[in-house]
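The block underneath contains the structure these notes are about, expressed in structure tokens.
The values are calculated or read from the model by the stated rules, or taken from the named source; none is laboratory data. Predicted, not measured: the structure shown is a model, and the values here were computed from it. Here the Cβ is made from the backbone with ideal geometry for all residues, glycine too, and neighbour counts use every protein chain on show.
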Amino acid sequence: MPTTVLTSIGDPFEILLPLGLILIFAKVISSALAHFKIPQVIGFLLSGLLVGLIYFIPDQTILTDYTRGGIDILAKIGVVLILFSAGVETDLKQIKAVGKPSVLIAGLGVVVPLLFGFIGAYLFRVFGGMEPAFLPEGVDPIFSDIYYGVILTATSVAITVASLKELGKLEGKVGSAIVSASIIDDIIGIVLISLVISLSGSSSGDFSLLGFIIEACGGVVEGPWTIVVVIANMLIFFLLSFGAYFVIKPLFNYLDGKFPHHRRIPIFGLAFCFIWAYLSQKLFQMADVTGAYVAGLLISLTKSRSYIDHRTETTANVIFVPVFFASVALQMYDTSFDFSNVTFILFGLTFIVLGVLGKIIGAGAGAKICRYSSKDSLRVGIGMMARAEVLVVAAQTGVDSGLIDPQIIPYCLLLILLTSFLNPIFLKLLYKNEAKTTEAAPKIVEK
């Protein structure tokens, strides 16, 4: 373990140096990787690993508890903005257009990896002696096993979209199904994060609005009723979100007409994102990232969608998103990785294999059931295999909640790297000798 100077206090200016290094490395590395069509997320993660080498400098005072605390706060904003932006970019009309195939592909693309991850974690825990000593007191280990499966449900369609665009196949049946299924996949996966964390009780410090009301009326929330209250609490949140739609849509449509492309519009959008993310966790025991995603979905239904998305991405990608991914990579230096723990090493490698196969088999089976050809079904499975930011968010949320071992983070990063490289290679092989389809030129809107 690297030598670190631990301090509980410090001067605010001390955070500026590590932040500057993170941003420089993130930009330089991601720009270099872009030439090889590798997602910038990889560059952000590598920048964190590079900055983390500072830990090996004797008596260093750059990465301290104080500066890491500041980085973690910025990272929290980053993860909220990532999910908000994902929600804003979600095209619900596209899901409706593709219909049944995208729903079935997404459904099996979630269920199969979830089962693979759960069974793998369960078997290693029960028969391999992989005891979850990190779990908060009173949390059933079965929820830890389930959450490992939840991590594997994540999909990143950005890599696939880039590959299909290059091949001229994005507008085809396979491309449309993959893009639509990935949207549904994200929605299901993000809800699962909140559901498993809430049911496990690992976030027991969160306030439950429904539980408070029941207890204020003289009732008691315990035993099986706890699960009922958790689920009911989540349903109330989604109902309130649906109700908020009738306020948010006319409000932002009015602002868009009255003050087109004025910065007050994205400011109000971000304010709504932060408030909704806060309320989701504070009152409804939903993960804050779920609240941020839902806020983005509501904004996606307004006329201000494109402008808010543009401004949010600019704000996020300049500082908050690179810092988030760098902070995740920095945790690899915090984790006392036990190389003598052969069981966990084997589990980590198995976790990667299950992550790859789970999407290919699950999403591919969904396409096959919808009467896609065997080759197209395999293309869909490969297309849904890629992972990136959502997987990192899911894993980090699980670590923060105490549900999974922090040592899984390196294997999550390896899964991202592996699928990022294999996805375009396999798709290119599967489309070999097929002519490009004619695509309409994309519409470019100045913002």
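What are the residue pairs meeting all of these: first residue in segment 46-74, first residue touching a residue at least 60 places away in the same chain (Cβ under 8 Å) and outside any helix (DSSP H, G or I), second residue buried (at least 19 other Cβ atoms within 10 Å of the Cβ) and of a type in the set (Val, Ile, Thr), Cβ atoms under 8 Å, and 6 or more apart or on different chains?
Note: pairs meeting the criteria are LEU63/THR4; LEU63/VAL51; THR64/THR4.
GLY348 versus (1) more than 28 Å from ASN423 (Cα to Cα); (2) part of a helix (DSSP H, G or I); (3) over 17 Å from the mean Cα position of the chain (by Cα): which is the lone unmet condition?
Checking GLY348 against (1) more than 28 Å from ASN423 (Cα to Cα); (2) part of a helix (DSSP H, G or I); (3) over 17 Å from the mean Cα position of the chain (by Cα), the one that fails is (1).
Taking segment 409-422 as the search range and keeping residues that are surrounded by fewer than 20 Cβ atoms within 10 Å (Cβ to Cβ) and of a type in the set (A, V, I, L, M, F, W, C), which one is modelled with the lowest pLDDT?
Here the residue is PHE421.
Could you identify the single residue in GLY358, GLY291 that is in contact with a strand residue (DSSP E or B) (Cβ under 9 Å, 6 or more places away or on another chain) and in a helix (DSSP H, G or I)?
Working: GLY358 fails: in contact with a strand residue (DSSP E or B) (Cβ under 9 Å, 6 or more places away or on another chain).
On inspection, the qualifying residue turns out to be GLY291.
Looking only at segment 387-431, filter to residues that are among the charged types (D, E, K, R) and part of a helix (DSSP H, G or I); which one of those is nearest to the chain's Cα centre (by Cα)?
Per the stated criteria, the residue is GLU389.
Do the conditions hold for GLY358, that is, is it without any contact (Cβ under 8 Å) to a residue 40 or more places away in the chain, over 17 Å from the mean Cα position of the chain (by Cα) and within 20 Å of VAL179 (Cβ to Cβ)?
no
THR302 passes all but one of (1) more than 20 Å from THR155 (Cα to Cα); (2) within 23 Å of the chain's Cα centre (by Cα); (3) β-branched (Val, Ile, Thr); which number fails?
(2)
Within segment 275-295, is there a residue that is farther than 15 Å from MET234 by Cα and either of a type in the set (Asp, Glu) or surrounded by fewer than 24 Cβ atoms within 10 Å (Cβ to Cβ) (or both)?
For segment 275-295, residues farther than 15 Å from MET234 by Cα and either of a type in the set (Asp, Glu) or surrounded by fewer than 24 Cβ atoms within 10 Å (Cβ to Cβ) (or both): present.
Within segment 92-111, count every residue that is surrounded by 17 or more Cβ atoms within 10 Å (Cβ to Cβ) and either free of Cβ contacts under 8 Å to residues at least 40 places away in the same chain or under 19 Å from LEU152 (Cβ atoms) (or both). Spell out how you get there, then give the answer.
Applying the first criterion (surrounded by 17 or more Cβ atoms within 10 Å (Cβ to Cβ)) to segment 92-111 yields 95, 98, 101-102, 104-111.
Filter again for either free of Cβ contacts under 8 Å to residues at least 40 places away in the same chain or under 19 Å from LEU152 (Cβ atoms) (or both), leaving 104-111.
Adding up the residues that qualify gives 8.
Pick out, from segment 126-239, the helices (runs of 4 or more DSSP H) lying fully within it that include 2 or more residues that are under 24 Å from ALA292 (Cα atoms) and at pLDDT 85 or above. Please lay out each step first, then the result.
Values: elements: 141-152, 157-167, 173-200, 209-216.
Of the helices (runs of 4 or more DSSP H) lying wholly inside segment 126-239, those with at least 2 residues that are under 24 Å from ALA292 (Cα atoms) and at pLDDT 85 or above span 141-152, 173-200.
For PHE36, state whether it is farther than 24 Å from GLN396 by Cα and either hydrophobic (A, V, I, L, M, F, W, C) or in a helix (DSSP H, G or I) (or both). Walk me through it before giving the result.
Working: farther than 24 Å from GLN396 by Cα: yes; either hydrophobic (A, V, I, L, M, F, W, C) or in a helix (DSSP H, G or I) (or both): yes.
So PHE36 passes the test.
For ARG371, work out the one condition from (1) part of a helix (DSSP H, G or I); (2) over 22 Å from the mean Cα position of the chain (by Cα) it doesn't fulfil.
All conditions pass for ARG371, except number (1).
Under 17 Å from the mean Cα position of the chain (by Cα), under 25 Å from ILE188 (Cα atoms) and either at pLDDT 95 or above or buried (at least 16 other Cβ atoms within 10 Å of the Cβ) (or both): does that describe VAL353?
Numbers: under 17 Å from the mean Cα position of the chain (by Cα): no; under 25 Å from ILE188 (Cα atoms): yes; either at pLDDT 95 or above or buried (at least 16 other Cβ atoms within 10 Å of the Cβ) (or both): yes.
Taking the combined requirement at face value, the residue does not satisfy it.
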